[in-house]
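Readers should treat all values here as calculations from the given coordinates under stated rules, not as data from a laboratory. Fair warning: this is a prediction, and the values are worked out from it, not measured in the lab. Neighbour counts run over all protein chains shown; Cβ positions are idealised from the backbone, glycine included.
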Amino acid sequence: MATTKYPGVYKNEKTGYFFYNVELGVDQITGKRIQKKGSRDSHGLPFKSAKSCHDMLVSVKAEFKKTRGGAHNYNMTYEQFMNSVYLPYYKSSVSENTWNNRKLIFPIFVNRFKAKKLREISIADCENFRIYLLNHSGYSQAYCSQLYGSFRKSLDYAVYRQFLNENISKRTHAIPKGKHNIPYWTKSEFEKVISTFNKSDYLEHLHFTMLWLYYVTGIRVSEGLALYWSDIDFSKKTLRVHHNLIMDSKKVYTRSLTLKTENSKRIISLDDDTVTILKDWKNRQHKLTNSSFVMSYDGSPLHRCIVGRIINKHSSLAKIHRIQAKGLRHSHASYLINEHNADILVISKRLGHSSPEITLKHYSHLWGNNDRSIADMITGNINIKFSNKSKSNFTGNQYISNEIMKTPLQSTSIKNDTHTI
């Protein structure tokens, strides 16, 4: 075998004919190298020149690039792609909590497209799936939005990995989430709820401390349940959020360092009231058990469902509408906006959002009446002073000019520093 001036083209010294041997990458499914060899042209005749052999090699490369990986990848079904490529990637890129919550939705659209070749999914297939979700699935619009969005993201990844040239689902409309405002408690409603707790009772003392901490810090439920006393610095009045709790049972749990986003790891400043409340609970707790967990009555962490039970019980006692556990986080945002007119950047960092845009996306409706202070500042701020004589010539209807415009001006109660109208 002798080399030629064309890369990948060789000459068989025994026969005098030429052949090509080229590597085209790695099979995305099997992980094996993809090689193409050939010694005959499109008519089945041996290559008599290096140039004709090279032309065929270029053609083979172009065809391979067009199909993005040869026959095996070209025939890959959507189910094969999901199981061997996308789901392993997705699981490695999100927190365990997110994976446990989302893994239940994948079978819905995997089963829908499983036998379909990835490259043969059409606009019609995507649109029919979208229509099915909205009209026939029985799911809420918010859930349909999540399902279809997850399906579209899987095809985005197929494009990224070069299995597809285009995400065909992007030619269809996304499913809007619809109007979905999370119920929350105002300051006065929260005050009514906490008035139903009896701090002399050990468990109620814990439950009060729990709801208080969620309301005044805005931490996520799993973040609060994972808090150690070592995460609280009483001298600096700060709370460190670096873990979330993944709990299978009372004895099987993990304090995971993988939070929802990188910005979820944060330090939150505590007010003096919260510092006092936490110190009181710590002294009470340590008389009965040596617990590392803040939210614990026996040294073990609490399950997230307990938070919802406490909310339901005490909102009923206070005759206040129920909210979800995550509604306490929403309540914190409302409290900062409506009671303290807090800056959006401060709120975003306190909640652990990746950007202020995310905060606005979820909480912009809470600023509904927040411009009252602007209106109050405008009142009386602009000096009003009129001319005693008109300085413009009237060119309109003569009746208006002669009759209506001669009507004496009636005074009003608007006042300012310069003139009373």
Between Lys65 and Ala342, what is 0.36 nm times their sequence separation minus the Cα-Cα distance? Round to one decimal in nm. 94.3 nm
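Within 10 Å of each residue's Cβ, count the other Cβ atoms and sort Ile131, Ile168, Ile194 from fewest upward.
Working: Ile131 12, Ile168 19, Ile194 15.
Arranged by neighbour count, lowest to highest, Ile131, Ile168, Ile194 become Ile131, Ile194, Ile168.
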How large is the dipole of segment 78-171 about the Cα centre if only Lys and Arg carry +1 and Asp and Glu carry -1, each at its Cβ, rounded to the nearest 20 debye? 60 debye
What are the ³J(HN,Hα) values, in whole Hz, obtained from phi via the Karplus relation 6.51 cos²θ - 1.76 cosθ + 1.60 with θ = phi - 60°, for each residue of segment 48-58 in sequence order, with x given for Gly and Pro? 9, 9, 5, 5, 5, 5, 5, 4, 5, 4, 4
Summing Lys, Arg as +1 and Asp, Glu as -1, what charge do residues with Cβ under 11 Å from the Cβ of Asn244 carry, Asn244 excluded? +3
Quick one: length gained pulling Asn263 to Ser84 fully straight, 0.36 nm per residue minus the C-alpha distance? 61.4 nm
Which angle from 0 to 90°, rounded to the nearest 10, does the C-alpha axis of helix 327-340 make with the longest principal axis of the chain? 50 degrees
Candidates Leu147, Leu45, Leu57: whichever shows maximal mean-square fluctuation once the chain is modelled as a Gaussian network with Cα springs under 10 Å: Leu45
Relative to the first principal axis of the alpha-carbon coordinates of the chain, what is the inclination of helix 123-135, with its axis defined by its Cα atoms, in degrees from 0 to 90 and to the nearest 10? 30 degrees
Would you calculate the separation in nanometres between label points at Ala174 and Leu24, each defined as 7 Å from the Cα along the Cα-to-beta-carbon direction? 3.6 nm
Sorting Ser195, Ser230, Met76 by the position of each Cα along the dipole of the chain (Lys, Arg +1; Asp, Glu -1; all at Cβ), the one nearest the positive end of that ordering is Met76
Long-range amide H contacts for Trp185: which residues qualify at under 5 Å (H placed 1.01 Å from N, peptide plane, sequence gap of 5 or more or a different chain)? Ser331
Quote the charge dipole size of the chain about the Cα centre in Debye, to the nearest 20; the model charges only the Cβ of Lys and Arg (+1) and of Asp and Glu (-1). 1320 debye
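Quick check on my link table: of Lys187/Lys282; Lys103/Lys177; Lys250/Lys326; Lys187/Lys319; Lys260/Lys326, which ones sit more than 18 Å apart, alpha carbon to alpha carbon?
Lys187/Lys282; Lys103/Lys177; Lys250/Lys326
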Once you've got the GNM for the chain with C-alpha springs shorter than 10 Å, pick whichever of Thr98, Thr276, Thr15 has the biggest mean-square fluctuation. Thr15
Across segment 217-226, in residue order, what do the Karplus-derived ³J(HN,Hα) couplings come to in whole Hz, using 6.51 cos²θ - 1.76 cosθ + 1.60 with θ = phi - 60° and x for Gly and Pro? 10, x, 5, 5, 4, 5, 5, x, 5, 8
Could I have the simple spin-label model distance between Lys349 and Arg161, label points 7 Å from Cα toward Cβ, reported in nm to one decimal? 3.9 nm
Residue (of Ala174, Thr209, Gln141) at the positive-pole extreme of the chain, dipole from beta-carbon charges: Ala174
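Quick one: grab the alpha carbon gyration tensor of the chain, order the square roots of its eigenvalues as a ≥ b ≥ c, and give me rounded if a/c is under 1.5, else prolate or oblate depending on whether a/b is larger than b/c. Mind showing how you got there, number by number?
Details: a/c = 2.91, a/b = 1.47, b/c = 1.98.
Since a/c reaches 1.5 but b/c is at least a/b, the shape of the chain is classed as oblate.
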Using just the helices of the chain, give the 222 nm mean residue ellipticity in deg cm²/dmol: DSSP H runs with n ≥ 4 each add -39,500 (n - 2.57), and the total is spread over all residues, rounded to 500. -13000 deg cm²/dmol
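Quote the charge dipole size of segment 2-154 about the Cα centre in Debye, to the nearest 20; the model charges only the Cβ of Lys and Arg (+1) and of Asp and Glu (-1). Spell out each step's value before the answer.
Working: 25 positive and 11 negative charges, 71 e Å.
With only Lys, Arg, Asp and Glu charged at Cβ, the dipole is about 340 debye.
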Farthest positive-ward along segment 256-379 dipole, Cα basis, beta-carbon charges - from Gly327, Thr276, His286: His286
Amide hydrogen neighbours beyond the local backbone of Thr238, cut-off 5 Å, H modeled: Asp233, Leu270
When the Cα centres of segment 176-210 and segment 250-296 are compared, how far apart do they sit, in Å? 18 Å
What length, rounded to one decimal in nm, is gained on full extension from Lys361 through to Asp41, with 0.36 nm per residue of separation minus their alpha-carbon distance? 109.2 nm
Which of these, Lys36, Lys91, Lys349, has the largest mean-square fluctuation under a Gaussian network model of the chain (Cα springs below 10 Å)? Lys36
Give me, ordered by chain and number, the residues 5 or more places off Thr77 or on other chains with an amide H under 5 Å from its own placed amide H. Leu118
